Amino acid sequence: MFRSIQWRITVPFMVLIVVSMGILGGYLTSFARNSQLDNLRSHLEKEAKITSEAALPTFLNQGGGLDALAKKLGKEIDARVTIIAVDGKVLGDSHEDPPVMENHAARPEVKDALTSGLGESTRYSTTVKQEMMYIAVPVTNQGEILGVARVALPLVAVQNSVNQVTLIISLAMVVTTVLAIVAAGLIARVTTRPIREVTEASKRIASGELEQKIPVRTRDETGQLSQAFNEMSLKLNKLLGEISTEKGKLATVLANIADAIIMTDAEGEVVLANPASERLFSFRVQDIPKPLIEVVHDHEADEILKQCLRTHQTQTAQFESVVSKRFLRAIAIPIVEGKQTGALLLFQDLTELRSLQTMRRELVGNISHELRTPIAGIKAMVETLKEGAVDDKQAATDFLSRIDDEIDHLTQMVAELTELSRIEAGRAELKMASLNLNLLVEEVVAQLNPLAQRQQVTITTELTTHLPTIRADNDRIRQTLVNLVHNAIKFNHPGGKVTVSTKADGESVIASVSDTGTGISKQDLPHVFERFYKADKARTKGGSGLGLAVAKHTVQAHGGNIWVQSEEGEGSTFGFSLPLKSNPRAGNQ
């Protein structure tokens, strides 16, 4: 609201009127209350003195009939009348029975009347349940104080009078405020009309309607503003036409460049950015101009810009962006037009290239590591045979058997690598056919049961009856189940248990393999489906480290998902789902 000049004029007037009326109202209310109290005080004082004079003869006659006198006077003056002895005993009261009333010696008005000749107090009366004003005067005879005469009235009348004044003042404040707002609003509206016209015309120019002209009604400052705006609109229309053509060319170039481009001024504020930079650093072009660090939120990029602006030379660096989590190459080029006016920054995304290089190095390293051990074993056994062990028939047979095992291991590794490469490349041919997952589980369990018996591990099944038939590559799903069940046996302990179960959830069939084995640590769990990855506890168990990677890509090639749940020392559960509606991602259908 305060962004409008009209309201900035109206609101201060309104506040001024409200505050002034509030102060005046408070003063008038206080004045009216005090005036009413003074009148009431004077009235009660007169009546108290009359009561004192009327009670004197009765006091002189030993005080008989004071209660009747108090009730009579109270009715005549329409007030509460109380006659009190010097010791505070109530001798007569117009509203209560004196014998049941407490001693009044401690009442402030009674104490003041006895000491100074006049006592006053305003307080809440527990007897009549109202706020009362009390006036007390002594009953004297030739200078001797015989008692105290007290007269009291409730303050209801005073409060009603004050409330009436308050109501009148409040109504006056409301009316005055409304009139002030209306008057100030009308004055402000007339005064600011040329400004609103300029504003509306400026908005239309901003929306693309460049030919704008507003009427010049006066020769004062607002009229001069209107004239200046009309001249500006004419020149702007011509200039923007020329700029629009050049801007269109530049926008086309920037929008179609895949690399992020950001231009800054000499102070390091971003003045231009292409869509690629918005996507890379997650900002909007509406956020500029701002300093580069506030736009990209990356200190590496900001440091490159600062070096370029400081040295006036091209700067190049590579870093990982904390915002986009991408590995970038940044090039900062100074823009010089007589003097350096800014810098042009180019950001190239090298993440995929870096990942490919990393994967290549890791793959070569993993293959080298996996091949080194069996090859070294074969070479050692061959050298042992050459050195004479070939003549020892039993030793030679044992070595040849071990060499054969190592060659089988190498052959399996090469086959798994080839299969994994074909699946990842989308060249795996899936031979889709009807598949009953329950039957396949029973076949795999029967195949691996001898191995489980040797390991003293029990295999059980929990198969859902009437499991829907799906379309899948029988051999590849069989191999996936074999890998999972084989691992569950291999990483179990004597006396352990492996449970293979199946179920359906309406969209897919699900197979899971649970064991009571060693489990997988939290650090290793996210990596179990990576090629060649082995947890430390698994290294003594053999295997290529490719089985789970092949299983993962096989299931994903069928359009399914694979997962694992495990806690170290408490066993593991591997599961995968296959869709009821065939949706393979690779191969023939």
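The values are calculated or read from the model by the stated rules, or taken from the named source; none is laboratory data. As the structure is a computational prediction, the values presented were derived from the model and not from experiment. Heads up, the Cβs are rebuilt from the backbone with ideal geometry, glycines too, and the neighbour counts pull from every protein chain shown. Note: areas computed on protein heavy atoms with side chains; ligands, DNA, RNA excluded. Shrake-Rupley method; radii C 1.70, N 1.55, O 1.52, S 1.80 Å.
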Worksheet item: Tell me, in nm to one decimal, what length is gained between GLU231 and HIS527 on full extension, where the rule is 0.36 nm per residue of separation less the Cα-Cα distance?
Response: 99.6 nm
Worksheet item: For region 159-295, what does the alpha-carbon gyration tensor say about shape, rounded, prolate or oblate, given a ≥ b ≥ c as the root eigenvalues, a/c under 1.5 as rounded, and a/b over b/c as prolate?
Response: oblate
Worksheet item: Local charge sum around GLY223 (other residues, Cβ-Cβ under 12 Å, Lys/Arg +1, Asp/Glu -1)?
Response: 0
Discussion item. Past 18 Å, Cα to Cα: identify those pairs from LYS203/LYS290; LYS46/LYS129; LYS46/LYS75, in the order given.
Written reply: LYS203/LYS290; LYS46/LYS129
Worksheet entry | Where trypsin sites (Lys or Arg not before Pro) fall in DSSP loop in region 1-99, at most 14 other Cβ within 10 Å | ARG3
Practice prompt. Assuming R0 = 60 Å, can you tell me the calculated FRET efficiency for the pair ASN474 and LYS306, based on Cβ-Cβ distance, to the nearest 0.05?
Written response: 0.40
Item to complete: Just report the Cα centroid separation between region 235-249 and region 32-82, whole Å.
Response: 98 Å
Worksheet item: In whole percent, what relative contact order does region 54-170 give with Cα contacts below 8 Å and a gap of six or more residues?
Response: 21 percent
Worksheet item: Where does the charge balance sit around HIS297 when Lys and Arg score +1, Asp and Glu -1, over other residues with C-beta under 12 Å from its C-beta?
Response: -4
Worksheet entry | Calculated FRET value between VAL323 and SER202, using beta carbons and R₀ = 30 Å, to 0.05 | 0.25
Fill in: Surface share of carbon and sulfur [accessible, 1.4 angstrom probe, percent] for the chain
55 percent
Worksheet item: Just how much of LEU179 is accessible, in Å², when a 1.4 Å probe is used and the result is rounded to the nearest 10?
Response: 110 Å²
Discussion item. Rolling a 1.4 Å sphere over the protein heavy atoms, what is the accessible area per residue of region 201-333, to the nearest Å²?
Written reply: 64 Å²
Worksheet entry | For the chain: relative contact order, % (alpha-carbon pairs under 8 angstrom, 6 or more apart) | 7 percent
Fill in: Simple label model, 7 Å out from Cα along Cβ direction - THR176 to VAL156, nm
3.3 nm
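For a quick check of your reading of the filter: which chymotrypsin sites (Phe, Trp or Tyr not before Pro) in region 1-99 sit in a DSSP loop and have no more than 16 other Cβ atoms within 10 Å?
Answer by residue number: PHE2.
Mean residue ellipticity at 222 nm from the helices of the chain, using -39,500 (n - 2.57) per DSSP H segment of n ≥ 4 over the full residue count, to the nearest 500 deg cm²/dmol?
-18000 deg cm²/dmol
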Worksheet item: So which DSSP H runs in the chain come out at 24 Å plus along the axis (Cα) with average Kyte-Doolittle of at least -1.0?
Response: 5-60, 156-206, 221-255, 351-386, 393-424, 437-454
Worksheet item: In nm, to one decimal, how far is the modelled label at GLU443 from the one at LEU344, with both set 7 Å along Cα→Cβ?
Response: 6.5 nm
